[in-house]
1. Please enumerate the residues belonging to the range 101-112 that are loosely packed, with under 13 Cβ neighbours inside 10 Å and part of a helix (DSSP H, G or I).
2. Considering Tyr165, Tyr144, which residue is in contact with a helix residue (DSSP H, G or I) (Cβ under 8 Å, 6 or more places away or on another chain), over 29 Å from Lys77 (Cβ atoms), of a type in the set (Ser, Thr, Tyr) and surrounded by fewer than 17 Cβ atoms within 10 Å (Cβ to Cβ)?
3. Identify the residue in the range 3-59 that is at pLDDT 85 or above and outside any helix (DSSP H, G or I) and, among all such residues, is nearest to the chain's Cα centre (by Cα).
4. Return the total of residues in the range 143-170 being under 18 Å from Ile10 (Cα atoms), outside any helix (DSSP H, G or I) and of a type in the set (Ser, Thr, Tyr).
5. Within the range 141-156, is even one residue more than 24 Å from Leu272 (Cβ to Cβ), more than 19 Å from the chain's Cα centre (by Cα) and among the β-branched types (Val, Ile, Thr)?
6. Suppose the filter is out of contact with any Cys (no Cβ under 9 Å at 6 or more places or on another chain), buried (at least 18 other Cβ atoms within 10 Å of the Cβ) and modelled with pLDDT under 95; does Leu64 pass it?
7. Provide a single number: the residues in the range 107-159 that are within 25 Å of Phe225 (Cβ to Cβ), without any contact (Cβ under 8 Å) to a residue 60 or more places away in the chain and not hydrophobic (A, V, I, L, M, F, W, C).
8. Leu277 is checked against (1) in contact with a Ser or Thr (Cβ under 8 Å, 6 or more places away or on another chain); (2) within 20 Å of Pro106 (Cβ to Cβ) and fails just one. What number does that condition carry?
Amino acid sequence: MQPIDLNKRIDTLDYLRGFALLGIILVNIPTLMWFEPSTTVDLTYYSFLTLFVEGKFFSIFSFLFGVGFYIFISRAKAKNEKAYFLFFRRIIFLFLLGLVHFYFQPGEALTIYSIFGLIALPFYKVRKEINLTIGLILLAVTAYYGNKLAMPFPLILLGLTAGQYRIFEKINENRKSLFAFTIIMFCISIGGLLYQWHYFPDSILNYNNMSESEIKEYETNSLKFAVIGMQISPFVSAFYVGLVMLLLQHPLCQFLLSPLKDYGRMALTNYLGQTALILIIANVFHLKIQLIQSLWICIGIYIFQLLISKLWLKFFRFGPIEWLLRMGTYWTVPTMLKTSTNSKKRS
């Protein structure tokens, strides 16, 4: 195993976490605020989410959890710490946090990640070629059946494998391969999206003006539209990840995407914060709006969280929930404030 830098943070992962958060809230807000498509514009927006967002950003988040899983254990072992014991405590803390979050957001992901993280733990010692093969086979099976609940495990395993291959530490060395990979994923995604578009629902279901056979056909096509979206989501997600990684190689693009870096460094805080902000808005203001108008709420939350993340990390080393996670992992109280003497950081 190659030596690992104990202190260097992999910025690309923070950008990708921030990018994933942008999509996750778009899918979560309709459920939390009980939106249903009620107009043609709503249906078009809902279909847009199904085409380009649903399952795609969740897949990225799952994959990144696997990468973080590998980095955490590798750095703990490099520091001669009890890596597996610390990882277990970390997982238990995330699971408990997820249970609390589940009360407010039934579609939350932390409990699922915790369970699959423990299942994936033995694979840390398995050869990367074997992990890659198993991960791809399991992902193909779960994606084929459109099983969103099961898909995180192979994605976590593939994230672990990406860590074993040091993909995010060797981006410059493998830029041509990354470009080719992104182009291939783009072509497959376009083919899949065109196939999915064939089942695009072009109107709101109106039981009063449709025959029984028309209703059945409409519901069948709508189901196929959603299932195909889950089936092709790994390819679209892979394209998104490759595209962001390529863009970050250019200084101008990196500057334009820079707000995502701090947003991603506080990914756990912002993920839970999204739920809190949506519920506060829904219960305090009692808004009666259409589904498409929920997009403006998301944009408002984006702006708020992006600014808060930037400001917070000017003075503090971790987000508040990340700080609690470190306490739950190491059973110590880490220094929160940034100081000139804090040259060493745990990851």
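1. Residues of the range 101-112 that are loosely packed, with under 13 Cβ neighbours inside 10 Å, as a first pass: 103, 106.
Correct list: Tyr103 only.
2. Numbers: Tyr165 fails: over 29 Å from Lys77 (Cβ atoms).
Of the residues listed, the single one that is in contact with a helix residue (DSSP H, G or I) (Cβ under 8 Å, 6 or more places away or on another chain), over 29 Å from Lys77 (Cβ atoms), of a type in the set (Ser, Thr, Tyr) and surrounded by fewer than 17 Cβ atoms within 10 Å (Cβ to Cβ) is Tyr144.
3. Checking each candidate, the answer is Gly55.
4. 1
5. yes
6. Values: out of contact with any Cys (no Cβ under 9 Å at 6 or more places or on another chain): yes; buried (at least 18 other Cβ atoms within 10 Å of the Cβ): yes; modelled with pLDDT under 95: no.
No: the conditions fail for Leu64.
7. Count: 3.
8. Unmet condition: (1).
The values are calculated or read from the model by the stated rules, or taken from the named source; none is laboratory data. Computed from a predicted model, the values in this text were never measured in an experiment. Glycine gets a Cβ as well: all are built from the backbone with ideal geometry, and neighbour counts include every protein chain shown.
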